[in-house]
Amino acid sequence: MRVVSGIQPTGNLHLGNYLGAIRNWARMQDDMAGDGQCLFFLADLHAISMPHVPAELHAATLEMAGALVACGIDPDRSILFNQAQVPAHAELQWLLNGTARLGWLNRMTQFKDKSGKNREGASAALYTYPVLQAADVLLYQATHVPVGEDQKQHLELARDIAQKFNNDFGAGEEIFTLPDPITPPEAARIMSLRDGTAKMSKSDPSDMSRINLTDDADEIMKKVKKAKTDPEPLPSEKAGLEGRPEALNLVTIYAAVAGSAVDDVLAEFGGQGFGSFKPALGELLVETLGPISARFRELKDDREELGAILARGAAKAREIASPTLAEAYRALGLVRG
Ligand code: TYM
């Protein structure tokens, strides 16, 4: 079993990232108990696909590494690194560009969302971004990739690329393992606190739309209190949340954080209004996120230590990547001397 996943080091780590992906990373690492390997990385190469400030990228990468450690990623048990220190990611992307089809990339909804109306002005990197993501996991023969629902389409593309590459160039052998996405059933898609139909996102201009892992107790309580809702009381069963996306989102968050099902939360709060549900949700979030943000504050300024963690992780990642990259070159008939 080899678990591989990544996160872009731009903006704040928010509740959607945590519940949709990072909490699962930590759980998979803890469950592994020496029987397999976890590789987690900061997708700094992906970050240049959108306008960014070069002077801030390195600091943001170190800070996000600190946030992951605060969430329970243990650099002694998992391999934690940033893509830019492992050139094999960019190399394999180029090799896979020969296999990925334009028709496949044209279907990617994230490109459509991120390029918006100005598609002609989007970077080529934004367009080929999913091929780099395929390289990220195929390079390590990943078997499981824990992600939120928004990344599932990219993972399907990675499988298509792997399958076609194996068929076209494998001469009967499986050069790349087909990875399985792992999404948490109750938190695959956490929505904005301001709009229950839009996902919680780092790029939302309103900070009130998300809970950041760095928010203090007052900010969390304020954001939950101001979260958009409707005037109806909570129903006692999930079916009653249909057509009420904001209510569904808050109950889903409660269930995900408490480790229970939406129906259990409704069994407890059904019939009550948001005036009593919101403070309960806020307190649960403060209790859960408080220790993580405290640990993050301790770690985030130790740039030397975080840099050393990433350097150690990158050295291990380069070693694991090397045979698969060599095999991909060889399969394509490319001679490296
Ligand atoms: P990124 O940085 O946008 O998000 C990191 C992880 O958080 C999940 N996530 C969410 N889950 C539930 N609800 C939400 N509102 C929410 N918002 C974000 C994402 O699904 C993701 O798992 N392209 C990727 C990074 C990446 C990657 C990879 C992931 C690069 N290479 C290889 C897996 C494998 C991204 O931008 O995620």
Which members of the stretch 202-214 meet the condition of being at pLDDT 95 or above and assigned to a loop (DSSP other than H, G, I, E, B)? 206, 210, 211
For residue 173, all conditions in the list (1) more than 14 Å from the ligand (Cβ to nearest atom); (2) at pLDDT 95 or above; (3) not in a helix (DSSP H, G or I) hold save one; what is the number of the exception? (2)
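Where residues in the stretch 188-224 are of a type in the set (Lys, Arg) and near the ligand (Cβ under 9 Å from one of its atoms), which of them is surrounded by the fewest Cβ atoms within 10 Å (Cβ to Cβ)?
Selected residue: 202.
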Residue by residue through the stretch 21-47, note down the ones that are under 15 Å from residue 73 (Cβ atoms), assigned to a helix (DSSP H, G or I) and near the ligand (Cβ under 8 Å from one of its atoms). 21, 22
Checking residue 50 against (1) within 12 Å of the ligand (Cβ to nearest atom); (2) out of contact with any strand residue (DSSP E or B) (no Cβ under 9 Å at 6 or more places or on another chain); (3) assigned to a helix (DSSP H, G or I), which test does it fail? (3)
Those residues that are more than 9 Å from the ligand (Cβ to nearest atom) and under 15 Å from residue 137 (Cβ atoms), I need them from the stretch 1-20; list them, please. 1, 2, 3
Among the residues of the stretch 136-150 satisfying the criterion of being near the ligand (Cβ under 6 Å from one of its atoms) and assigned to a loop (DSSP other than H, G, I, E, B), which is farthest from residue 37 (Cα to Cα)? 148
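Okay, residues lined up against (1) among the small types (Gly, Ala, Ser); (2) under 30 Å from residue 260 (Cβ atoms):
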site	(1), (2)
141	no, no
147	no, yes
151	no, yes
155	no, yes
172	yes, no
186	no, yes
Within the stretch 215-226, does at least one residue satisfy the condition of being in a loop (DSSP other than H, G, I, E, B) and either under 20 Å from the mean Cα position of the chain (by Cα) or farther than 28 Å from residue 47 by Cα (or both)? yes
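Residues are listed down the side, and each one gets a yes or a no for (1) over 23 Å from residue 21 (Cβ atoms); (2) in the same structural domain as residue 275 (by TED's automatic domain parsing); (3) in contact with a His (Cβ under 7 Å, 6 or more places away or on another chain); (4) not hydroxyl-bearing (Ser, Thr, Tyr):
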| residue | (1), (2), (3), (4) |
| --- | --- |
| 140 | no, no, no, no |
| 149 | no, no, no, yes |
| 155 | no, no, no, yes |
| 161 | no, no, no, yes |
| 178 | no, no, no, yes |
| 212 | no, yes, yes, yes |
| 227 | no, yes, no, yes |
Which numbered condition residue 266 fails, given (1) in contact with an Asp or Glu (Cβ under 8 Å, 6 or more places away or on another chain); (2) within 14 Å of residue 187 (Cα to Cα): (2)
Where a residue in the stretch 206-234 is under 20 Å from residue 268 (Cβ atoms) and its partner, wherever it lies, is surrounded by 15 or more Cβ atoms within 10 Å (Cβ to Cβ) and among the acidic types (Asp, Glu), with Cβ under 6 Å and at least six apart: 229/246
Take the conditions hydroxyl-bearing (Ser, Thr, Tyr) and within 16 Å of the chain's Cα centre (by Cα) and apply them to residue 201. Does it pass? yes
What tally of residues in the stretch 72-94 results from selecting those that are surrounded by fewer than 19 Cβ atoms within 10 Å (Cβ to Cβ) and among the hydrophobic types (A, V, I, L, M, F, W, C)? 2
Does residue 68 fit the bill of being modelled with pLDDT of 95 or more, near the ligand (Cβ under 9 Å from one of its atoms) and in contact with a helix residue (DSSP H, G or I) (Cβ under 7 Å, 6 or more places away or on another chain)? no
Scan the stretch 241-271 residue by residue and report those that are exposed (fewer than 14 other Cβ atoms within 10 Å of the Cβ) and either of a type in the set (Val, Ile, Thr) or out of contact with any helix residue (DSSP H, G or I) (no Cβ under 9 Å at 6 or more places or on another chain) (or both). 243, 259, 267, 271
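The values are calculated or read from the model by the stated rules, or taken from the named source; none is laboratory data. The shown structure was predicted, so the numbers you read here are calculated from the model rather than taken from an experiment. Every residue, glycine as well, gets a Cβ built from its backbone with ideal geometry; the counts of neighbours run over all protein chains shown.
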